[in-house]
Amino acid sequence: MKILAFETSCDETAAAIVEDGRKILGSALYSQIDIHREYGGVVPEIASRNHLLKLPYILDAVYSSANLTSADIDAVAVTNGPGLVGALLTGVTFAKSYAYSIGKPLIAVNHIAGHVCANYLTHSELTPPFLCLIVSGGHTELVQVLDYNEYGVLGKTRDDAAGEALDKVARLLGLPYPGGPNLETLALTGEYNAFAFTRSFKGEDTLDFSFSGMKTAAVNLLHKAAQSGNIIKDADLAASFLTAVVYNLLDNAFSAIGKFGGDKLVIAGGVGANFQLRREAKKRADESGVQLFLPDVSLCTDNAAMIGSAAYFCGQPAELALNAEPNLALF
Ligand code: KG4
Ligand code: ZN
C-alpha cells in the first residue's frame, strides 16, 4: 500500500510517499527555519502562509523524487494534530482537496504517533511491544507501545517539554533559533559538570518529568553571575544543562524498564537527534542489556515520511469534514 502523506504541523512543509509503513519511496521537505530565525522562534501566521505557498511545489517534488504519479497512490494521509492550528489547517485542507480530486481515501494521523513510527522506517525488524521515550519541542512522554495502535502512558512532563526547555535556555544564551541543535554545538566545548542541576522528583515514586525548575536555575545562575561580575562560560552552562536534561530523561526511561520489564527502548521526536542523548542512551542500554532503537537523525525532527508510516500502522480513516485539532491527544 502506497500512502502519500503531508506534514505541516509547525514550520516544516513536507510530503512523502511510503510503502506499507516501512519503506520511503520519495520525500520532499521545505524547512522554514531561515524565515523564522529573525523572530527567534516560529511565528504561526507566517508558518501557515508559507505552507500554503510551498505545498503545491512540495507535491510535485515528492512525485518526482519517487518517480510515481497519482495513479500509483492508494491513499492520502495528513497530520491533523497536535500542532499550530493555522499550520495544521493548511495541510488538512490541501490534503482533503487533493484526495478528493484524485478520488483516493483520506487518513488522519496524530503527529506524535508519527514520531514513534519514524522508528519503523529506520528499523525494519522493530515491532511492538516496546517502551518509547517521546521527546519533542511540545511533548515529553514515556509510553508503553503495546501494539501499533495501543499506547499506555507511564510518565509525562508536568511543565515544559524537554525540547522547549532546551530552546529557552539556548535563547537565554543568545543562540539563534532553532535552539536545541545550537545548544548541542555550543555544549561540545563546555564542561558537562560545571554546574549541578537538581534531579526532578528525586526520591519520589513517579516517572513524570519536570524541566521548568531546571530552566529557572539556569536563569538564576546567569543573573547572579551578572550581578556579582563573575564570568560564566556559556559553553559550560550549555553542556551542564544539556547533560542534566539527558540524565533526567534517561533515568526515567531506564527506571521504567526496571519497573515494568521489557527489553526494547525506542526514542522518538526532535530531541532524539541530539548526539549526547543518543550516546548516553546507547551506553546505558549496553550496560543493562536493553535493545535500543533510535530513528535515523533525519527522521527525528518533523518530516512527512513518519506520517506516511503512522497512516499505515495507526491512522484513522477520515471524511472530508476532517478538521485540524491543535490539542489532539495520543491516548
Ligand atoms: O519533534 P520536533 O521536530 O517538533 C515537535 O513536534 O515539537 O522537535 C523539535 C524540538 C525543538 O525543541 C528542537 O530544539 C529540538 O527538537 N531539537 C534538538 C536537536 N534537534 C532538534 N534538541 C537538541 N539537540 C538536537 N540536535
Ligand atoms: Zn514533531
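Restricting L133, L154, L207 to those that are within 13 Å of ligand 1 (Cβ to nearest atom) and closer than 18 Å to A281 by Cβ reduces the list to L133. The single condition among (1) in contact with a strand residue (DSSP E or B) (Cβ under 9 Å, 6 or more places away or on another chain); (2) hydroxyl-bearing (S, T, Y); (3) free of Cβ contacts under 8 Å to residues at least 60 places away in the same chain; (4) within 30 Å of V169 (Cβ to Cβ) that T79 does not meet is (3).
Under the condition of being over 18 Å from D147 (Cα atoms) and touching a Ser or Thr at 6+ places or on another chain (Cβ under 8 Å), which residue from segment 240-271 is nearest to ligand 1 (Cβ to nearest atom)? Going through the qualifying residues, I end up with G270. Contact map, segment 272-285: first residue under 8 Å from L250 (Cβ atoms), second residue of a type outside the set (V, I, T) and surrounded by fewer than 21 Cβ atoms within 10 Å (Cβ to Cβ), Cβ cut-off under 7 Å, separation 6 or more or different chains; pairs are E280/L250; A281/L250; A281/L292; R284/L250; R284/F254. The residues of segment 112-150 that are within 18 Å of V297 (Cα to Cα), touching a Pro at 6+ places or on another chain (Cβ under 6 Å) and not polar (S, T, N, Q) amount to a single one, A118. Does E164 qualify as being acidic (D, E) and surrounded by fewer than 16 Cβ atoms within 10 Å (Cβ to Cβ)? No, not satisfied. One residue stands out among those in segment 279-331 that are crowded, with 24+ Cβ neighbours inside 10 Å and hydroxyl-bearing (S, T, Y): the one that is farthest from ligand 2 (Cβ to nearest atom), which is Y312. Looking across G155, G174, G138, G190, one residue alone is surrounded by fewer than 22 Cβ atoms within 10 Å (Cβ to Cβ) and more than 21 Å from R278 (Cβ to Cβ). It is G174.
Quick check on segment 10-20. Is at least one of its residues under 19 Å from the mean Cα position of the chain (by Cα), over 19 Å from E325 (Cα atoms) and within 15 Å of ligand 2 (Cβ to nearest atom)? Yes: segment 10-20 contains one or more residues that are under 19 Å from the mean Cα position of the chain (by Cα), over 19 Å from E325 (Cα atoms) and within 15 Å of ligand 2 (Cβ to nearest atom). Among the residues of segment 53-84, those identified as part of a helix (DSSP H, G or I) and surrounded by fewer than 17 Cβ atoms within 10 Å (Cβ to Cβ) are L53, P56, Y57, D60, S64, S65, S70, A71, D72. Identify the residue in segment 1-52 that is out of contact with any strand residue (DSSP E or B) (no Cβ under 9 Å at 6 or more places or on another chain) and part of a loop (DSSP other than H, G, I, E, B) and, among all such residues, is farthest from G174 (Cα to Cα). My answer is R22. Note on segment 193-292: enclosed helices (runs of 4 or more DSSP H) holding 2 or more residues that are touching a Leu at 6+ places or on another chain (Cβ under 7 Å) and over 23 Å from L183 (Cβ atoms) are 234-260.
Each reported figure results from applying straightforward, stated rules to the coordinates on display, with no laboratory input. Given the structure is predicted, the values throughout are model-derived calculations rather than measurements. Neighbour counts are summed over all protein chains in view; Cβ atoms, including those assigned to glycine, are modelled from backbone coordinates with ideal geometry.
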